[in-house]
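To start, the structure itself, in structure tokens.
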Amino acid sequence: MGDSVDLLVISDCVLDIYYIVDKLPISPGDISIAREVAVSPGGACNVAIIARKLGLRVSVVDRVGNDLFGDLLIRELEEAGVDTKLLKRINGPTTISNNIIGGEGHAFLGYVGVNADLGIDDLDAQVFNGVDAVYVSGFNASISRKAARELLRIVSLIRNYPVMLFLDVGPARDNLDIVMAMVRQADVVFMNREEAGRLFGDSLPSTINSLASLGINAVIKLGNDGAILIHKGKTRHCKPYTPSRIITTVGAGDTFNAAYIAGTIKGLDPEEACDLGNRVASMRLNYLTPKDLPDLRHMVNY
């Protein structure tokens, strides 16, 4: 694909619009004026932005609407140093997420656009040549059966190339058989506690045992409890880090994924990569958007 790429990010690249309001919920008839508003690439492009800040050369594969939101998304990615040549412009709306942050939590109001129909025909297999790692977001697998099947076809195609495959399972609310088929093909699987429960059962210990017995290398993200690393049948707890302040937790899981991947590419072992993931994710909480974080290359270039 021309210039060498460390990480290829596939699917679920959206435009995030952040609002900070005084309180949630916002009820019918309320007039709520945001104290701050910002835009930033979101979804899997959180991973792209953070990975770039950690020094990786990153390219994104997805569908983007041929609209003003798509123009803005591409501009924001390019300003962050992410390669956008593989983004396909489609007549239709760009996927957007309005992230409303107030009080003790946040709410999302979004629209799923043309990237829900990302399929294997949108990829040129040559893009995998010269790539070290591929990150696939499984978010769209919960949108429709068709989208899930296309993601599985993409994952199966990737396995024909000598690249590391990192998979985030996404919400894991539907099409769990297809999600599990993708899980079995990945080198490393990311999920949070709720997603792990939907795939493997409600008990965290039983989920850990299942992953270990199946030989699946995975990370279960536990928020402020850190993370559980399962690697080659062995389990480790990765300690959490306390942020200096919390503006929002939106995108913290994506940030963990990016840091874990960057650490792995840079030669860290799984425990070191997991620790790096928690450290960078705790930093993410200090900022409204991922693009606001400082340069992070010093964290992996020891």
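Here are a few things to note about the model shown:
- Solvent exposure of the chain as accessible area per residue, Å², 1.4 Å probe: 43 Å²
- Radius of gyration and Dmax over the Cα atoms of the chain, both given in Å: 18.2, 56
- If a spin label sat at a point 7 angstrom from the Cα of Asn301 along the line to its beta carbon, the backbone N atoms of segment 247-271 nearer than 15 Å would be those of 263, 266-267.
- Within the chain, helix-based [θ] at 222 nm, where runs of 4 or more DSSP H residues each add -39,500 (n - 2.57), nearest 500: -9500 deg cm²/dmol
- Split the accessible area of the chain by element, probe 1.4 Å, and carbon with sulfur accounts for 50%.
- Cα centroid separation, segment 121-143 to segment 63-102 (Å): 17 Å
- Under the criterion of Cα pairs below 8 Å and six or more residues apart, the relative contact order for the chain equals 17 percent.
- Sites Asp292 and Arg236, calculated FRET efficiency, Cβ-Cβ separation with R0 30 Å, nearest 0.05: 0.45
- Put simply, when 183-191, 22-30, 227-235 are sorted by average Cβ atoms within 10 angstrom per residue, most first, you get 183-191, 227-235, 22-30.
- Of the beta bridges in the chain, as assigned by DSSP with both residues counted there, near 40 percent are antiparallel.
- Cross-link pairs exceeding 25 Å in C-alpha to C-alpha distance, out of Lys146/Lys291; Lys88/Lys291; Lys53/Lys85, comprise Lys146/Lys291.
- Applying the Karplus relation 6.51 cos²θ - 1.76 cosθ + 1.60 with θ = phi - 60° to segment 117-134 yields 3J(HN,Hα) values of 9, 4, x, 4, 6, 7, 10, 9, 4, 5, 5, 7, 6, x, 9, 7, 8, 10 Hz, where x marks Gly and Pro.
- Cα-only Debye scattering, segment 207-259: base-10 log of I(q)/I(0) at q = 0.16, 0.20, 0.25, 0.27 Å⁻¹: -0.53, -0.74, -0.98, -1.07
- Dividing the Cα radius of gyration of segment 115-215 by its Kirkwood radius returns 0.98 for Rg/Rh.
The values are calculated or read from the model by the stated rules, or taken from the named source; none is laboratory data. All of these numbers come straight from a predicted model, not from anything done at the bench. So basically every Cβ, Gly included, is an ideal-geometry build from the backbone, and we count neighbours across all protein chains shown. Side chains are part of the model used for accessible areas, which takes the heavy atoms of the whole protein and leaves out ligands, DNA and RNA. Shrake-Rupley method; radii C 1.70, N 1.55, O 1.52, S 1.80 Å.
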